[in-house]
Amino acid sequence: MMARANVAWWLPRAILLAAFAFFVFGPLVNLVLWSVAEAWFWPNRLPSQYGFRFWERVFRPEGQAMESLWLSIWIASLTTLLCLGVSIPAAWALAKARLRWRALILLVFLLPQAFPNLPVYINVARIFFTFDLNGTVMGVVLVHAAHGLVYSIWIATAAFAAIDDDLELAARNIGASGFTAFRTVTLPLAAPGIAASAIFVFLESLDEFTATYFVGAPEVRTLPLLLFSAAAGGNMQIAAITALILLVPSVLFMLLVERFLRAEVLARVGR
Amino acid sequence: METQPRGTPLGIQGLAVAYGRTQVLHEVSLAVGAGEFVALLGPSGCGKTTLLRSIAGFVAPSAGRITAGGRDITREPPERRGAAMVFQSYALWPHMNVAKTIGYGLAVRGWDKARIAARVEEMLRLLRLEGLGQRLPAQLSGGQRQRVAMGRALAVDPEILLLDEPMSNLDARVREGVRHELRTLQQSLGITAIHVTHDREEAMILADRIVVLEEGRIAQVGPPEELWRRPANAYVADFLGATNRLPLGDGVVMFRPEEGRVLAPGETLDGPVFEGTVAFCAYAGGRWRATIRVDEAEALVDVPERLEAETAVRLGIPREAAHLFGATAPSRESHESYAEAG
């Protein structure tokens, strides 16, 4: 009890906690301030004039931000569907089919992460150019999916591996075909993990900048691209508001993920 | 048997299974009659579960044949074997309620809903699970889960019922009752049943015939009484409770603690008699269990009265309880103990 009252006990902890909170929330506070700053000039610590003029501009029906937001959501949805279409069968095979090169295959999906982004995406853009995929939604979806498959395959593999083989065999045993057993037993049990992977893919696609910039710009203007050009053009208010809009789905989905992704699923990743 | 057996005869010929380089089953052959209850008995790692899983089609044999009712099912997928299994872990689906679980096999057979509901009700009654249809496995007791697993397998009216230690996760008290229920159920349904267990008493009570497995080979097959009275080798004798082993001539005599006797002075007995001394005596509930030293060896014997330590006694084994085996008895344990002695 004495130790708790001791300044030496709580002071370092309080400082650490404050520093942590500052690092997390400091930039956010700055964003919020910028989004409502109608006039903010150096060397003022705070904006000299507040207002929602820029919010109104962004949310105007003809405003680019809303258009970009819907495009971003559309691309993220297509990317998620594509990743699920590939990762569910692939992850099932990796988790259940006793593949010989299992570890190697899982590693291959990590490769896009291992190399520096820029050269990879510049080369992708060059290759896509010959297929007329540059500047198309399809091209952006493909490059987002290549990146998203890492999450979806790894997490879905873990989700399938967490399911006892006997559960599926029990269904086969009383007359279900392999596919029926998968559809009625394995897939519903893996659903939380797969949903979590889908959310990650969706969020990654929504936030993705580099690949979209090289493959999609200028025809495909997603929200992060809009944010970049606004910030580069010195329009900090528009950039701040765009960033805050991007935060909303992330926060919502993170709350969902926390419910879905249980520790025992995560523990199987890479097993 | 009071009912006409509806089950199917099962044939296993020269079945071999290997996991990688480890040979788990060595050319096992066995014929099970229609409606017969056979127990596969042995310690863990003897291959009994592997044998059961290859009948179910979960394990691919490297050689041999499995037939059900004359039909070769060796290469058939699990869903086309007519053999339903009750898993040791029960393998109940956590997301499916009791009614759905029991009706699952009927739904995949394309039965209509009303017929499935009627059959599920019948199974719930049969297994005393009335009113639990909407429960999830997590909301059931161990005994109830075991009965749901049983119901799921029996609902499809299987030709062969495969039981993988279905009672090992139950309390000893519950188990006793379940054994008799299972036996009654199997007989009234006339179903062919293969039951894997490491519990010799369970095998004795349930089975028409017991198959004792030793390291992937069949050590002995026979009705419980025959195995009890005439174990074919030291391994079977040891597994069936004849754990005492005393050297006799070129071989050993094996007997159960409850069948050995401490003889009164001058008493004669038809069977081997050893001179020994009491090393230790402990109360074992209703009787005393004495450890008797005979030369280098020791034997446990049940006696009605307490014996003082270091008393010289004569230990007799009645002829019918004395199982004699050659010194080269094909038991690993005996080899090991000889190696230690040498």
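The values are calculated or read from the model by the stated rules, or taken from the named source; none is laboratory data. Note that the coordinates shown come from a computational prediction; the quantities given were computed from them, not determined experimentally. As a convention, Cβ positions derive from the backbone with ideal geometry for all residues, glycine included, and neighbour counts pool all protein chains shown. Note: accessible area is taken over every heavy atom of the protein model, side chains too, but ligands, DNA and RNA are not part of it. Shrake-Rupley method; radii C 1.70, N 1.55, O 1.52, S 1.80 Å.
Annotations for the structure displayed:
- For segment A:18-114, the Cβ-based charge dipole about the Cα centre amounts to some 620 debye (Lys, Arg positive; Asp, Glu negative; other atoms uncharged).
- Rounded to 10°, Cα long-axis angle of helix A:64-96 versus longest principal axis of chain A: 20
- Förster-model FRET efficiency, 60 Å R0, B:A114 and A:W101, C-beta, rounded to 0.05: 0.75
- Average beta carbon contacts from partner chains per residue of B:156-166, 10 Å cutoff: 1
- For the protein assembly as shown, alpha-carbon Rg over 2.2 N^0.38 Å: 1.41
- Relative to the longest principal axis of the Cα atoms of chain A, helix A:187-207 runs at roughly 30 degrees.
- When you filter the trypsin sites (Lys or Arg not before Pro) in segment A:1-86 for DSSP loop state and at most 12 other Cβ atoms inside 10 Å of their Cβ, you are left with A:R45.
- The helix-based estimate of mean residue ellipticity at 222 nm for chain A, built from -39,500 (n - 2.57) per DSSP H run of four or more residues and divided by its residue count, is -24000 deg cm²/dmol to the nearest 500.
- Considering segment A:62-266, its Cα convex hull presents a mean projected area of 13.4 nm².
- Listed residue (A:A191, A:I238, A:A125) projecting farthest to the positive dipole end of segment A:62-266, Cβ model: A:A191
- Averaged over its residues, the protein assembly as shown has an accessible area of 51 Å² per residue, based on protein heavy atoms and a 1.4 Å probe.
- Of the peptides B:206-213, B:107-114, A:31-38, the ranking by mean beta-carbon count within 10 Å, highest at the top, reads B:206-213, A:31-38, B:107-114.
- Temperature 20 °C, viscosity 1.002 mPa s: under these conditions the Stokes-Einstein estimate for segment B:10-229, based on its Kirkwood radius over C-alpha pairs, is 120 µm² per second.
- Segment A:61-121: trypsin sites (Lys or Arg not before Pro) in DSSP coil with no more than 11 other Cβ atoms inside 10 Å: A:R98, A:R100
- Rounded to the nearest 20 debye, the dipole magnitude of chain B is 1820 debye, with +1 charges on Lys and Arg beta carbons, -1 on Asp and Glu beta carbons, and the Cα centre as origin.
- DSSP-defined beta bridges in the protein assembly as shown - what % are antiparallel, rounded to 5: 75
- Note on A:T136 and A:L33: the extension gain reaches 33.5 nm, defined as 0.36 nm multiplied by sequence separation minus the Cα-Cα distance.
- Ordering B:V196, B:A34, B:A118 by the projection of their Cα atoms onto the charge dipole of chain B, which places +1 on the Cβ of Lys and Arg and -1 on the Cβ of Asp and Glu, puts B:A118 at the extreme positive end.
- Two-site label geometry, B:Y283 and A:F129: point separation in nm, points 7 Å out along Cα→Cβ: 9.6
- Excluding same-chain neighbours fewer than eight residues apart, the lysines reachable from B:K48 by a Cα-Cα span under 28 Å are A:K96.
- Leading residue at positive end of dipole, the protein assembly as shown (Cβ point charges), from B:I102, B:F255, A:N44: A:N44
- Degrees, to the nearest 10: A:137-161 long Cα axis against longest axis of chain A: 50
- Taking other residues whose beta carbon is less than 10 angstrom from the beta carbon of B:A279, and scoring Lys, Arg as +1 and Asp, Glu as -1, yields -1.
- Dipole magnitude for the protein assembly as shown: computed about the Cα centre from +1 point charges on Lys and Arg Cβ and -1 point charges on Asp and Glu Cβ, it is near 1940 debye.
- Nearest-0.05 FRET efficiency for B:S168 and B:E27, computed from C-beta distance (R0 25 Å): 0.35
- Residues of segment B:12-46 with amide N under 19 Å of a point placed 7 Å along Cα→Cβ from B:R65: B:12-17, B:26-34
- Charge tally in the Cβ shell below 10 Å around B:V262, where Lys, Arg are +1 and Asp, Glu are -1, B:V262 excluded: -1
- The calculated FRET efficiency for A:R53 paired with A:V251, based on their beta-carbon distance and R0 = 22 Å, is about 0.30.
- Listed by chain and number, the aspartates and glutamates whose C-alpha is less than 18 Å from the C-alpha of B:K113, apart from same-chain residues fewer than 8 away, are B:E121, B:E122, B:D157.
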